[in-house]
Amino acid sequence: MQVTPSIIQDNGIPKVKLKEEKNNLKKKILKNWELYMFILPAFLYFLVFSYGPMYGIQIAFKNFVPTQGIQGSSWVGFDHFTRFFNSYYFWDLIWNTLSISLYELAIGFPIPIILALAFNEIKDGLFKRTVQTVTYAPHFISVVVMGGMIISFLSPSTGIIVHLIEALGFDAPKFLTDPAWFKTMYVFSGVWQSAGWGTIIYLAALSSVDPGQHEAAIIDGATRFQRIRHINIPTIIPTITILLILNIGSLLGVGFEKILLLQNSLNMEASDVISTFVYRSGLLDAQYSFSTAIGLFNSVVNAVMLIVVNQIVRRTSENSLW
């Protein structure tokens, strides 16, 4: 049977088939309208607050003047990017951002996994609930309060940790002013605040382990460490892989809130990262176009890293984001 040209689309798909697919889609939407209404607030949230502001990305390619607006500002192309790449502080910002992110990834990423494996082996009881509460609690402390606590604990005059070190007969380091100590202070305080909460994800994954596997392994004479290695760890490998991809995808996205709270003129050498520089350039110095270009560069690098790492993981295993 030959189909007449009048019912053929340009891409070779019959119009009748396209009409049927549209009708089926409408029927599915009408049938499940409650579900679409349920996701509508989330859809509007991302549309308004995530995709809508992307209109302002063009500021990075213009010499933006607030009185002239985005459309009235002159086009300068990649001048702001070139200025940033050729600046004397470019490599310092890249190094500080990458070193803090990699340091945090190396220390902070495996600790929740270790805690989850340890909590999973502890029998239910008062000790387990107490330890879990103690490790989870810092997560609910705001960043501002956490910054104040760190300054209070490490203050040369009133810091309890400094006094404890001096009571043991040692000279306390200058945690708040020595650039060599800033990254360690930042990373370990972040681990203290977030490690306990991060274990929840891995504990949820470990809950899917069939107890029969452990029973069979015990009958075969497997030790506890062997059961952890051959049963528990393979179970959470997909979760570890996904979270690792997400962490690498935000490698240059070091949050500036806590860094800004702990930053001072003495530790600026180690604490100045891309996000804090964007804050100073954009909000304090009113260099809107220049700061937007730096932020766009940061976002593009993170997106590229996310895609590359995901593709590598996808080719080497079955665990990937897409």
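Out of 287, 311, I need the residue that is without any contact (Cβ under 8 Å) to a residue 12 or more places away in the chain, of a type outside the set (A, V, I, L, M, F, W, C) and within 18 Å of residue 82 (Cβ to Cβ). Which one?
Of 287, 311, the one residue that is without any contact (Cβ under 8 Å) to a residue 12 or more places away in the chain, of a type outside the set (A, V, I, L, M, F, W, C) and within 18 Å of residue 82 (Cβ to Cβ) is 287.
Hey, could you check the range 204-234 for residues that are assigned to a loop (DSSP other than H, G, I, E, B) and of a type in the set (Val, Ile, Thr) and say which is nearest to residue 111 (Cα to Cα)? Talk me through it step by step, then tell me what you get.
Filtering the range 204-234 down to residues assigned to a loop (DSSP other than H, G, I, E, B) leaves 207-210, 220-223.
In the following step, the residues that additionally are of a type in the set (Val, Ile, Thr) were identified as 209, 223.
Working: 209: 21, 223: 23 Å.
Ranking the qualifying residues of the range 204-234, first place goes to 209.
Look at residue 125 and say whether it is closer than 30 Å to residue 224 by Cα and surrounded by 11 or more Cβ atoms within 10 Å (Cβ to Cβ).
Numbers: closer than 30 Å to residue 224 by Cα: yes; surrounded by 11 or more Cβ atoms within 10 Å (Cβ to Cβ): no.
So residue 125 does not fit the description; no.
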query: If you scan the range 86-103, which residues turn out to be touching a residue at least 24 places away in the same chain (Cβ under 8 Å) and in a loop (DSSP other than H, G, I, E, B)?
result: 89
task: Looking at (1) at pLDDT 90 or above; (2) more than 22 Å from residue 103 (Cα to Cα), find the lone condition where residue 259 falls short.
output: (2)
Qualifying residue in the range 111-118 (condition: under 19 Å from residue 254 (Cβ atoms), of a type in the set (Gly, Ala, Ser) and either buried (at least 17 other Cβ atoms within 10 Å of the Cβ) or in contact with a Ser or Thr (Cβ under 7 Å, 6 or more places away or on another chain) (or both)): no
- request: Could you tell me which numbered condition residue 125 fails, if it satisfies all but one of (1) closer than 18 Å to residue 207 by Cβ; (2) modelled with pLDDT of 90 or more?
  value: (2)
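Tell me, yes or no, whether the range 124-135 has at least one residue that is touching a residue at least 12 places away in the same chain (Cβ under 8 Å), touching a Phe, Trp or Tyr at 6+ places or on another chain (Cβ under 6 Å) and not charged (D, E, K, R). Outline the logic, then answer.
Looking only at the range 124-135, we keep the residues that are touching a residue at least 12 places away in the same chain (Cβ under 8 Å), and these are 131-132, 134-135.
Subsequent filtering for residues that are touching a Phe, Trp or Tyr at 6+ places or on another chain (Cβ under 6 Å) retains none.
No, every residue in the range 124-135 fails to be touching a residue at least 12 places away in the same chain (Cβ under 8 Å), touching a Phe, Trp or Tyr at 6+ places or on another chain (Cβ under 6 Å) and not charged (D, E, K, R).
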message: Cβ-Cβ under 9 Å, sequence separation 6+ or interchain: first residue in the range 214-227 and touching a residue at least 24 places away in the same chain (Cβ under 8 Å), partner surrounded by 10 or more Cβ atoms within 10 Å (Cβ to Cβ). Which pairs?
response: 224/121
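What are the residues in the range 60-85 that are of a type in the set (S, T, N, Q) and not in a helix (DSSP H, G or I), if any? It would help to see each step written out before you state the result.
Just the residues of the range 60-85 that are of a type in the set (S, T, N, Q), to begin with: 63, 67-68, 71, 73-74, 82.
Answer for the range 60-85, where residues must be of a type in the set (S, T, N, Q) and not in a helix (DSSP H, G or I): 63, 67, 68, 73, 74.
The values are calculated or read from the model by the stated rules, or taken from the named source; none is laboratory data. Not measured: the values here are computed from a predicted model. We place every Cβ from the backbone using ideal geometry, glycine too, and count neighbours over all the protein chains shown.
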